[in-house]
Structure formats: structure tokens, C-alpha cells
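The values are calculated or read from the model by the stated rules, or taken from the named source; none is laboratory data. Here the structure is a predicted model, which means the values were calculated and not measured. Just the protein is used for accessible areas: all its heavy atoms, side chains included, with ligands, DNA and RNA removed. Shrake-Rupley method; radii C 1.70, N 1.55, O 1.52, S 1.80 Å.
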Protein chains: 2
Amino acid sequence: MTTEVTGPTPVGEEPLRRRRRRQTEQDICEAALTLFEEHGVAGCTADDIARAAGVSSRTFFRYAVTKERAALVVTGDIEDAFEQGVAALRPDEPLLPQLEALWVEVLRRHENGRSASGRQLRRLYRLLRAEPSLRGAAVAVDDERRAGFAGALAELTGATPDDPTPAILVETTTAVVRVAMDRWAEQLEAAPEGPEPDLVDLYEQAVAAFRTVTAPGA
Amino acid sequence: MTTEVTGPTPVGEEPLRRRRRRQTEQDICEAALTLFEEHGVAGCTADDIARAAGVSSRTFFRYAVTKERAALVVTGDIEDAFEQGVAALRPDEPLLPQLEALWVEVLRRHENGRSASGRQLRRLYRLLRAEPSLRGAAVAVDDERRAGFAGALAELTGATPDDPTPAILVETTTAVVRVAMDRWAEQLEAAPEGPEPDLVDLYEQAVAAFRTVTAPGA
DNA sequence: CCCTATTGTGGCAGTCACTGCCAAGAAGGC
DNA sequence: GCCTTCTTGGCAGTGACTGCCACAATAGGG
């Protein structure tokens with residue numbers, strides 16, 4: 001687990017600095033989520049968030065490309081996980097089911113309300129419903145990532161550059177995920193105390209609807 | 001103030017004012033596209049665009065919610081057309097093919113290189129490839145519109161509010177469109193003088209790929 | 001332990017996107 | 001003509017974000 005001490009790699013990042021970096025990133029994200037919840041995105045300044053996170057305003061903007069993006073760290077983690085999974089797909093078996101299974105795995109890993117990332121994910125998606133500027137930022141980073149996924153998938157399958165298939169696979173599977181997450185957020189808000197809606201369930205319902213809609217018959 | 005003195009319709013827009021409004025909207029959009037092409041989004045200020053469009057900076061921001069959005073008028077037209085089409089769907093026949101046909105119609109209407117909107121669409125999509133901030137804005141407004149489409153579709157079909165089907169239909173069909181438009185932009189850039197890539201063709205190829213990928217067998 | 005290259009940080013000044021407010025002109029209804 | 005309703009421009013202000021620079025903390029040697 002630890003002791004990667006003797007790296008044959010020339011390497012870039014070192015343990016201590018890296019750890020601190022992750023820590024302040026988390027601090028900033030937490031502060032952003034909290035202040036956004038309390039005062040709304042427009043109701044607090046980047047300075048406020050920086051102060052709450054214990055860093056200078058200048059440093060804040062080194063971590064967060066944008067005030068809004070400060071709260072989007074979690075989605076980055078999820079997309080990292082997905083990207084890693086994409087690299088491990090078997091290119092000569094049907095890809096759609098593999099991608100769907102991958103999403104189930106990724107979502108399951110992050111939905112857990114007891115994990116730190118799971119809780120952040122809830123808070124974020126609750127916020128996304130009320131804050132168009134946040135939603136806009138989320139949608140924009142998501143779009144950037146998808147381009148990368150499609151590229152990776154194209155390389156993996158050896159598709160010619162003008163074959164739309166990899167992009168179609170990425171776009172449609174993530175579209176289904178998006179529907180599931182939206183419904184999840186909706187239900188989180190509708191019944192904050194009620195029975196916890198299950199992200200993976202919702203995703204599987206969305207996949208079912210997708211299958212129905214694309215079934216040859218109707 | 002007076003109490004509803006006027007007739008049955010409080011009414012909103014009148015011919016002359018409306019026309020002028022459309023005109024300045026177009027002027028601003030044109031100016032934005034031109035300056036973005038010449039200097040890049042970061043290379044020109046909102047003031048520059050306003051001046052080029054012949055309006056004050058203050059007025060510019062009355063039309064363009066955001067500097068970036070000034071260039072996105074065309075996509076708004078397309079989405080208006082789609083939304084209108086959605087209202088005219090037959091809810092008791094399979095919706096996916098209807099939506100696909102609707103997109104063909106909408107795209108055909110706007111791809112024409114000789115129409116003003118067609119030319120603007122080209123310029124915009126060329127820009128989107130090089131300007132992440134523009135792309136981000138485009139993706140964000142697109143997302144807002146999709147929520148409306150899904151709502152309209154849900155109402156049309158009488159789906160229960162927790163049925164993911166309308167959202168799935170909207171998200172997947174627009175995902176396919178997005179792939180087609182991306183390829184279109186890519187080809188526009190790759191061969192600016194070559195044979196004009198046909199948006200409708202590309203869309204139909206994307207639909208074909210979608211069908212293949214979702215076919216029950218593989 | 002020290003020396004040095006690298007990296008992370010805060011402060012400062014500046015640009016610019018965007019907003020609220022107000023007064024003035026144009027357009028529509030009478 | 002009068003009065004109401006947009007629509008606009010100017011002005012002042014807030015705040016997001018950036019480049020620059022000096023300084024502190026680590027990494028990685030000797």
C-alpha cells in the first residue's frame with residue numbers, strides 16, 4: 001500500500017506534498033458546498049470560500065479554475081473511476097453491456113452515504129437542482145470528460161477516426177446515467193428523511209427504460 | 001396605477017419593436033461570431049462586441065446573458081424548432097422514430113449554407129472546437145433546454161412524474177445529434193474547401209451507429 | 001546537516017464581466 | 001395631442017479571475 005519509495009520512475013509527485021494538496025482540495029470543496037448550501041452560489045464570494053477553507057484567495061483560484069468548480073471535485077473522482085474502467089474493457093465483446101456494468105460499479109462505489117464522497121455527491125446534486133450556474137459548470141466539465149472517454153474507447157477498439165460508434169456509446173450511456181442522477185437528486189429533495197433512494201436502482205430503472213425505448217418493436 | 005383598463009389581451013410584443021429587437025439580437029450575434037473568430041473569445045471584450053454591434057455595453061448585456069452566449073443565438077433557434085415539433089408528436093405511436101424524424105427535419109432546415117442561420121451555425125461550430133468556454137456555454141444552455149423538452153414530452157404522453165422514459169428519449173436522441181454535430185464541425189475544419197459535409201447524412205450515420213450498438217444481439 | 005532546485009503560497013495590482021439605478025427617448029394605444 | 005410602456009445609454013459598484021513577485025516549505029541530493 002505504502003512504500004513506493006524506490007521508484008524506478010523519474011516521477012513527478014511526492015507523498016507529502018501530494019497529500020497536502022489533496023487535503024486542501026478537499027477543504028476547499030467542503031467549504032464551497034457548505035457556503036453554497038447556506039447562502040447560495042450568488043450569496044457568497046470566492047473570498048468567503050477561500051477564508052472558510054483556510055487559504056488565500058489567490059490559492060483558492062489555483063485549485064478551483066472557477067468558483068463553481070470548487071464544488072465539483074466529487075464528480076471528477078467519479079469520472080476518473082469511469083475512465084479507468086474504460087481502459088479495462090474487452091474490446092471484442094459487446095461494449096454497451098460492459099459500459100452499463102461499469103457504471104453500476106462506479107455508482108455503487110460512490111453512492112454510499114457513509115463514505116465521504118457519497119455524502120458530498122448528495123450535497124452536490126441537491127445543490128445542482130437549485131443553482132443553474134453550478135449545473136452549468138457541472139455539465140461543462142462533464143462534456144469535457146466525455147470527449148476523453150470517447151477518445152480512449154476509440155483507441156481501445158481501434159475504430160477509425162470517422163466512426164461515430166465510440167462517441168455514440170459514451171454519449172448514450174452517460175445520458176442514461178444523467179437521467180438516473182437527476183431522478184436521484186429529485187427524490188433526495190422530495191423526501192429528505194424518507195427512505196433513501198438508491199442510485200443504482202434508479203440507474204437500472206433508467207437502463208430498463210432505455211431498453212424499452214430502443215426495442216425493435218416500439 | 002390603472003387597473004387593467006385595456007382590453008382582453010394585456011399583450012406583450014408589437015411588430016416594430018419586435019423587429020428591432022430581433023435585428024439587434026442578430027447584430028450582436030454576428031459581431032460576437034466575427035470577433036471571436038478574429039481574436040478568440042479571450043481576445044476581445046464584451047465592450048468590443050457591443051461597439052461592433054452598435055449598442056452600448058449595458059444593452060449588450062440585456063441581450064446576451066453572458067458574453068459567450070451572444071454567439072449562441074442560432075442554437076436557440078434550432079431548439080425552438082425542436083420544441084415546437086415535440087408538441088406536435090403523436091403520443092400513442094412509437095416516439096423514438098418520431099423524434100429522429102423530427103431532428104432530421106430540424107437539421108435540414110438549418111444546415112443550408114445559403115441561409116443566414118445555416119452559415120452562422122457553421123461558424124459557431126467551427127468556433128466551438130477551439131474555444132472551451134464557448135463550448136461550455138453551449139453545453140449549458142443545451143442542458144437547460146433539454147429539461148424543458150422532457151417536461152413537454154412527459155405532459156404530452158401523460159407519463160407519471162417518476163417515469164424516466166421522457167427524459168431518456170430526450171437525452172438519447174439529443175446525444176446522437178450531438179455526436180453528429182461534432183463530426184460535422186470536425187469535417188468542416190478538416191476540409192474547409194472540400195466537399196461540404198452534409199449534416200443530415202452525418203446524423204443518419206450516427207443514428208445507424210446507435211441502432212447497431214443497441215441492437216439486441218450485440 | 002547543509003545546499004540547491006522545485007514547488008506551493010500569500011499579497012498586490014489590474015482587467016473585465018456583469019448588475020442596479022436612473023433619466024431620456026421612442027413606440028403604441030387613446 | 002397625452003399617457004403608458006418599452007428600450008436604451010451612462011454611471012458607479014461588486015466581484016471573479018490573472019500575472020507578477022517575493023517568501024516559505026519540501027525534495028533530493030552531497
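Over the stretch B:63-144, the ratio between the Cα radius of gyration and 2.2 N^0.38 Å evaluates to 1.21. Counting every C-alpha pair in the stretch A:14-135, the share spaced more than 26 angstrom apart comes to 30%. Per atom type, the protein assembly as shown shows carbon and sulfur on 53% of its accessible surface, probed at 1.4 Å. Using a probe of 1.4 Å, the accessible surface attributed to B:Val106 totals some 0 Å² when neighbouring protein chains are kept in position.
Evaluating 6.51 cos²θ - 1.76 cosθ + 1.60 at θ = phi - 60° for every residue in the stretch A:83-100, the Karplus couplings come out as 4, 4, x, 4, 5, 9, 6, 9, x, 9, 10, x, 8, 4, x, 4, 5, 5 Hz, glycine and proline recorded as x. Per-residue accessible area (protein heavy atoms, 1.4 Å probe) orders A:Glu93, A:Glu131 as A:Glu93, A:Glu131, starting from the largest. Set the Cα radius of gyration of the stretch A:89-218 against 2.2 N^0.38 Å, with N its number of residues, and you get 1.14.
Sequence-distant or interchain residues sharing an amide H contact under 5 Å with A:Asp163, placed H: which? Placed amide hydrogens put nothing under 5 Å from A:Asp163. In order along the stretch A:31-37, the phi-based Karplus estimate (6.51 cos²θ - 1.76 cosθ + 1.60, θ = phi - 60°) of 3J(HN,Hα) comes to 4, 4, 4, 4, 5, 4, 5 Hz; Gly and Pro are listed as x. For chain B, the solvent-accessible area with a 1.4 angstrom probe is 52 square angstrom per residue.
For the stretch A:72-214, relative contact order (Cα pairs under 8 Å, six or more residues apart, normalised by length) works out to 26 percent. Computed over chain B, the per-residue total of -39500 (n - 2.57) for DSSP H runs of n ≥ 4 gives a 222 nm mean residue ellipticity of -24000 deg cm²/dmol, rounded to 500. Using the Karplus relation 6.51 cos²θ - 1.76 cosθ + 1.60 with θ = phi - 60°, the per-residue 3J(HN,Hα) values for the stretch A:122-131 come to 4, 4, 4, 5, 4, 5, 4, 6, 9, 10 Hz, with x marking Gly and Pro. Across the alpha-carbon atoms of the protein assembly as shown, the computed radius of gyration and Dmax are 23.3, 85 angstrom.
Rg and Dmax of the stretch A:124-171, both derived from C-alpha coordinates alone, stand at 14.2, 42 Å. Legend: P(r) of chain A from all alpha carbon pair distances, 10 Å bins from 0, whole percents, reading 7, 28, 32, 24, 8, 1.
Once you reduce the stretch A:64-134 and the stretch B:149-167 to the center of their Cα atoms, the two points are 25 Å from each other.
Rg and Dmax of the stretch B:15-64, both derived from C-alpha coordinates alone, stand at 10.9, 37 Å.
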